[in-house]
Amino acid sequence: MDQKLLKTCIECDEVIRGRTDKRFCSDSCRSAFHNRDKFQLPATYRLIDHRLKRNRKILEKCYRLLESTKNNSSVLERMDMHLNKMNVKTLGFAFDYYTHKDWVDAKEYTFCYEYGYRFTENNAIVLIRRMPFDGDSVYFV
C-alpha cells in the first residue's frame with residue numbers, strides 16, 4: 001500500500017485502520033488526547049467551572065424537590081419556591097459563583113446557567129428556572 005495513503009493517529013502516530021475519517025487508532029488514544037487537552041486549562045478555570053456546575057446541580061435538585069411538592073400546578077402558574085439560605089449553603093452551594101444576573105418581574109435574580117435565585121427580606125431564597133423558547137426566555141418561578 002502507498003505510504004501517502006496511510007493515516008496515523010494524532011496521539012501515538014500508529015497507523016489507523018478502518019474508516020477514512022478516523023483521527024485516533026483506539027479509544028484509549030482518543031481519551032488520552034482529550035484529557036490532556038482538558039487539563040491544559042489553568043487550575044483556576046477548572047475550579048471555577050467545577051463550582052459553577054456544582055451550584056447548578058444543587059439549584060436543580062432544590063428546584064425539582066420543591067416542584068414535586070406542588071400539587072399538580074399548571075406549568076404557567078407561579079409557584080412559591082422558597083428555601084432557607086442556610087439549608088442551601090449546607091448542601092455545598094457557593095453564593096460567590098454564578099454565571100449572570102437578570103431582572104425578572106422587576107426583581108434581580110442571580111443565575112447559575114438556567115437556574116436562578118433571589119433573596120427575600122427574611123433571607124429566604126426564591127428559585128426560578130429559565131427555559132429558552134424561540135430566542136426568548138420563559139421564566140418559571
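Any read-out appearing in this document is the output of simple, stated calculations on the displayed coordinates, not a laboratory observation. A quick note: this is a predicted structure, and the numbers were derived from the prediction, not measured. Heads up, the Cβs are rebuilt from the backbone with ideal geometry, glycines too, and the neighbour counts pull from every protein chain shown.
Going by amide H atoms built from the backbone, whose H comes under 5 Å of the H on Val104, apart from near neighbours?
Hits under the 5 Å cutoff: Tyr109.
Please rank Glu121, Glu108, fewest neighbouring Cβ atoms within 10 Å first, as an exposure proxy. It would help to have the intermediate numbers written out before the result.
On the way: Glu121 5, Glu108 11.
Going from least to most buried by this count: Glu121, Glu108.
If you rank Ile48, Ile16, Ile125 by fewest surrounding Cβ atoms within 10 Å, what's the result? Before the final figure, lay out each step's value.
On the way: Ile48 12, Ile16 19, Ile125 22.
Result, fewest neighbours first: Ile48, Ile16, Ile125.
Counting other C-beta atoms within 10 Å, which of Cys112, Cys9 has the fewest, and how do the rest follow? The partial results should precede the final answer.
Values: Cys112 24, Cys9 17.
By the 10 Å Cβ count, ascending: Cys9, Cys112.
Enumerate the calculated ³J(HN,Hα) couplings along the stretch 56-69 in order (Karplus 6.51 cos²θ - 1.76 cosθ + 1.60, θ = phi - 60°), each rounded to whole Hz, writing x wherever the residue is Gly or Pro.
My calculation for the stretch 56-69 gives 4, 5, 5, 5, 4, 4, 5, 4, 5, 5, 5, 5, 6, 7 Hz in order.
Gain in length, Thr99 to Thr69, computed as 0.36 nm per residue apart minus the alpha-carbon separation, to one decimal in nm?
Length difference between fully extended and current span is 8.1 nm.
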